[in-house]
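The values are calculated or read from the model by the stated rules, or taken from the named source; none is laboratory data. Small disclaimer: the values here were computed from a predicted structure and weren't measured. Using ideal geometry, Cβ is built from the backbone for each residue, glycine included, and neighbour counts are taken over all protein chains shown.
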Amino acid sequence: MQPKKPKQNPLWYFGALAAFLLAKGKWLLTLLKFSKFGGLFLSMLISIGAYAIIFPWSFSIGFVLLILIHELGHVIAAKQKGMPVSAPMFIPFVGALINMKRNPRDAVTEAYIGIGGPVLGTVGALAAFGLAYYLNSPLLYSLALTGFLLNLFNLLPIHPLDGGRIVTAVSRWLWLVGLIGGLVLIIYYFSLILLIVWAMFAYDLYKKFVRQRKHGEQRMVAASFLIPAEPLIQQGYIIPGEEHKRELSYVTYSDLEGQQFVRVIWEGLDFQGTLPLMQQGLIQRAHVTRLERIMKDDELHLMIHCQVDYEPFENDKYYDVPAAARWKFGIAYFGLAAFLFAMMAVVHKVGNI
């Protein structure tokens, strides 16, 4: 009868990972430089180092991995809805985020993408709990508890947290619950991050329901276009100075997916350029803010800096959600929150934390 093989200490795995990173440092630097996921890996490493100032390395690595799983839930949900998004980007002591290259067209899509993170994040925390139970690891119990708490925190009905996006498909009155409840949490359990998030949320509600209703919110989008100047000079066209400013004609249109574009036109230069808007808007003006002369391939070029000023258009139909979808997201939202509460209690009991 062979003796039982002792269970490997989970710290060994983190040590092996650290040794691998050191041994393959040159290869990893090349990967970070050329891979489109280089920013993701680099921001993860920076976050791990930042958290390691306060927590042990092993916990910092596990914590960042749990955040990554959460963010990948948003990425997967966005891809399922056909929404273009960037890879996650980590911000030390704040978390991580993905950049949506186009806003959702309806509240159902926004809620679906929003709930994707907590769902997959909960799966990640469950995996950590199962491994902790199998290995009887205090480290993994702590990570599991942190994972459940992280996803529960994100379910607060406060923008830009996931809960604030999910409840757009349930009831916008829950934003008021988040506004009041968030303030109560700040008073009793002061958290600088929660205070910043709550302040951003309160200001966003003010803009949406107070200032914008009265005056309208002004936004802008800018882009630069490079055109050759030699053909213009040959035609006898006088090139304006670098501080030249002028109004431009424009045409605005939307594609079948609801993405709005503005095509700016400078007839004298026979120039046209297209700028995408982050959201639907009412165009106020299009204009040139600056000209820049650039030598490229031994030829003179003009860099035309354009700006489009617009007022966001809030389509009330955005929040028209079928009753079945409201019930579905409501049950999923409150059910997930209750499950996370319960799992935190289980971790406390089983892990003696």
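Some observations on this one:
- Criterion: free of Cβ contacts under 8 Å to residues at least 60 places away in the same chain and either under 29 Å from residue 39 (Cβ atoms) or part of a helix (DSSP H, G or I) (or both) - qualifying residue of 146, 109: 109
- Check on residue 243, touching a residue at least 12 places away in the same chain (Cβ under 8 Å) and out of contact with any Asp or Glu (no Cβ under 8 Å at 6 or more places or on another chain): yes
- Among the residues of the stretch 168-193, the one identified as within 19 Å of the chain's Cα centre (by Cα) and farther than 28 Å from residue 328 by Cα is 193.
- Test: residue in the stretch 287-308 that is under 20 Å from residue 110 (Cα atoms) and without any contact (Cβ under 8 Å) to a residue 24 or more places away in the chain: no
- The listed residue being assigned by TED's automatic domain parsing to the domain that holds residue 328 and not in a helix (DSSP H, G or I), out of 118, 160: 160
- Residue within the stretch 276-292 that is touching a Gly at 6+ places or on another chain (Cβ under 8 Å), surrounded by 12 or more Cβ atoms within 10 Å (Cβ to Cβ) and at pLDDT 85 or above present: yes
- For residue 222: the one exception among (1) crowded, with 21+ Cβ neighbours inside 10 Å; (2) within 30 Å of residue 301 (Cα to Cα); (3) small (Gly, Ala, Ser): (1)
- Cβ-Cβ distances below 7 Å connect the following pairs, each with a first residue in the stretch 200-218 that is at negative phi and not assigned by TED's automatic domain parsing to the domain that holds residue 278, a second residue that is surrounded by 14 or more Cβ atoms within 10 Å (Cβ to Cβ) and at pLDDT below 80, and a separation of six or more residues or different chains: 207/217; 211/217.
- The lone exception for residue 233 - which of (1) surrounded by 14 or more Cβ atoms within 10 Å (Cβ to Cβ); (2) assigned by TED's automatic domain parsing to the domain that holds residue 304; (3) part of a helix (DSSP H, G or I); (4) hydrophobic (A, V, I, L, M, F, W, C) it fails: (1)
- Some residue of the stretch 312-334 being at pLDDT below 95 and in contact with a Gly (Cβ under 6 Å, 6 or more places away or on another chain): yes
- Residue 166 vs. criteria free of Cβ contacts under 8 Å to residues at least 40 places away in the same chain and either in the same structural domain as residue 117 (by TED's automatic domain parsing) or hydrophobic (A, V, I, L, M, F, W, C) (or both): no
- Complete set of residues in the stretch 84-130 that are surrounded by fewer than 16 Cβ atoms within 10 Å (Cβ to Cβ) and charged (D, E, K, R): 101
- Here residue 300 meets the list (1) exposed (fewer than 14 other Cβ atoms within 10 Å of the Cβ); (2) of a type outside the set (Asp, Glu); (3) in the same structural domain as residue 260 (by TED's automatic domain parsing); (4) over 30 Å from residue 260 (Cα atoms) almost entirely, failing just condition (1).
- When 46, 61, 76 are checked against the criterion of being at pLDDT 85 or above, surrounded by fewer than 18 Cβ atoms within 10 Å (Cβ to Cβ), hydrophobic (A, V, I, L, M, F, W, C) and within 24 Å of residue 148 (Cβ to Cβ), a single residue qualifies: 76.
- Looking across the stretch 72-88, just one residue is part of a helix (DSSP H, G or I), over 15 Å from residue 104 (Cβ atoms) and small (Gly, Ala, Ser), and that is 73.
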